[in-house]
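Asks: Can you read through this structure? Questions will come right after.
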Amino acid sequence: MLIEKIELRHVKMELITPFETSMGVELDEEHIIIAVYSEGIIGWGECVAEETPYYSSETVKTAWHILKDFLIPVILNKNINSIDEVIQLWNRIRGHRMAKAGLESALWDLFAKSKNISLSKLLGGTKNSIEVGVSIGIQETPQILIDKVKQFLSDGYGRIKIKIAPGRDISYVKALRDELPNIRLQVDANSAYTLGNVNILTAFDSYNLELIEQPLAYDDIYEHSILAKKLKTPLCLDESIHSLGDTKAAVELGSCKIINIKPGRVGGYTESKKIHDYCQSNNIPVWHGGMLESGIGRAGNIALASLPNFILPGDISASKKYYKHDIIDPSFDINKDSTMNVPKGPGIGVEVIQSQLDVITIYKEIFN
Ligand code: OSB
Ligand code: MG
């Protein structure tokens, strides 16, 4: 397919409620929405690099630079017929996985639409609906957290993940467990602890957590393997996993029993599928993480999470959990049994609401 035009939009979306993690508080989310035009079809993608380098070293500005100066020029005005071809062309560009993943996702949508099949089908998805959960930011008090969790449970969410940070960890988990002893519960530290905090981390073993996500450094694999031996609760890695190679290192070393896959963090759906397949053959369950995506990114996440080894519920929540007005139609809702339907239409299977996209765009650039 001839890649005729690519449009980048720096978007800013106001969150419904502030999202606090050990990395800081977010009031809004800035991402890059990417549209690839080819032969009368538009492929949509989302680059999940944020405004700040607090979760990942990439930011909206670094991703924009890499997209504009390196990733776009090698595919623009070229005839591109497969994702593998694109991966080859980008091979010499090191790192910048979120930038690559954003443009790769738009190309996946384009190819799925050109074949008139859903992105889920093109990726090898096998499920018509996926299990989902909700990721809740750090709340001012344990009681406020309990009230929030009860609200999400009544909305249908069957798996709760809470963010934790030193000083706002065990007391919150204990209060929640005293009130709700049987919910599926997991915690995410976003690298807020060290091996020196092993006493706090072993204390989580008393609360029947499904997993502890990324307790130690964002670039560590080795120390997680030491910590894992001291804990009963399974560890799950998020930040530390950027590739199939990292996954193999973590699994072989015993650093985690579960992997969180985010296509942005690992460079796209192609690398995500490799990680998924490796984990499947090694009996390592995976689940789909989230980056507070708009409906465009979320649609892709849902398609990827329809692959068979996404066994645990994903951080893929209803549109209205994040933003007052999503930019897609229909927006995503959850079913009463904590599942979400996988779109069946061509590509990402949802329409982009152009007027709503214009409202959230703060800058755009067209390449042709
Ligand atoms: O660590 O999983 C994380 C959001 C932004 C950056 C990092 C993380 C998150 C979330 C939100 O937990 C998950 C979602 O999109 O619902
Ligand atoms: Mg995480």
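The values are calculated or read from the model by the stated rules, or taken from the named source; none is laboratory data. No experiment lies behind these values; they were computed from the predicted model shown. Glycine also receives a Cβ, built like all others from the backbone with ideal geometry; neighbour counts cover every protein chain displayed.
Asks: Looking only at the stretch 353-361, decide whether some residue is over 24 Å from Glu51 (Cα atoms) and over 16 Å from the mean Cα position of the chain (by Cα).
Replies: Checked the stretch 353-361: no residue is over 24 Å from Glu51 (Cα atoms) and over 16 Å from the mean Cα position of the chain (by Cα).
Asks: Could you check Met340 against (1) within 21 Å of Gly43 (Cα to Cα); (2) of a type in the set (A, V, I, L, M, F, W, C); (3) touching a strand residue (DSSP E or B) at 6+ places or on another chain (Cβ under 7 Å) and say which number it fails?
Replies: (1)
Asks: Report, ordered by the first and then the second residue, all pairs with beta carbons closer than 7 Å, sequence separation of six or more or different chains, a first member in the stretch 30-51 that is closer than 15 Å to Gly290 by Cα, and a second member that is among the hydroxyl-bearing types (Ser, Thr, Tyr) and surrounded by fewer than 20 Cβ atoms within 10 Å (Cβ to Cβ).
Replies: Between residues of the stretch 30-51 that are closer than 15 Å to Gly290 by Cα and residues that are among the hydroxyl-bearing types (Ser, Thr, Tyr) and surrounded by fewer than 20 Cβ atoms within 10 Å (Cβ to Cβ), the close pairs are Ala49/Thr59; Ala49/Thr62; Glu50/Thr59.
Asks: A further question on this structure: Tell me which residues, restricted to the stretch 300-315, are of a type in the set (Gly, Ala, Ser) and more than 16 Å from ligand 2 (Cβ to nearest atom).
Replies: Residues satisfying the conditions are Gly300, Ala303, Ser306.
Asks: For the list (1) among the acidic types (Asp, Glu); (2) within 13 Å of ligand 2 (Cβ to nearest atom); (3) surrounded by fewer than 23 Cβ atoms within 10 Å (Cβ to Cβ), I need the number of the one condition that Asp277 fails.
Replies: Status for Asp277: all satisfied but (2).
Asks: Can you confirm whether the stretch 214-234 contains a residue that is surrounded by fewer than 21 Cβ atoms within 10 Å (Cβ to Cβ), among the basic types (Lys, Arg), not in a helix (DSSP H, G or I) and not assigned by TED's automatic domain parsing to the domain that holds Met98?
Replies: Yes, that holds for at least one residue.
Asks: Take Ser255 and tell me if it is in contact with a strand residue (DSSP E or B) (Cβ under 8 Å, 6 or more places away or on another chain), farther than 16 Å from Ser120 by Cα and within 16 Å of ligand 2 (Cβ to nearest atom).
Replies: Taking the combined requirement at face value, the residue satisfies it.
Asks: Moving to a separate point now. Could you check the stretch 135-190 and list, in sequence order, the residues that are of a type in the set (Gly, Ala, Ser) and buried (at least 22 other Cβ atoms within 10 Å of the Cβ)?
Replies: Within the stretch 135-190, Ser135, Ala189 meet the criteria.
Asks: Failed condition for Asn182, given (1) within 14 Å of ligand 1 (Cβ to nearest atom); (2) polar (S, T, N, Q); (3) in a loop (DSSP other than H, G, I, E, B), with all others met?
Replies: Answer for Asn182: the failing condition is (1).
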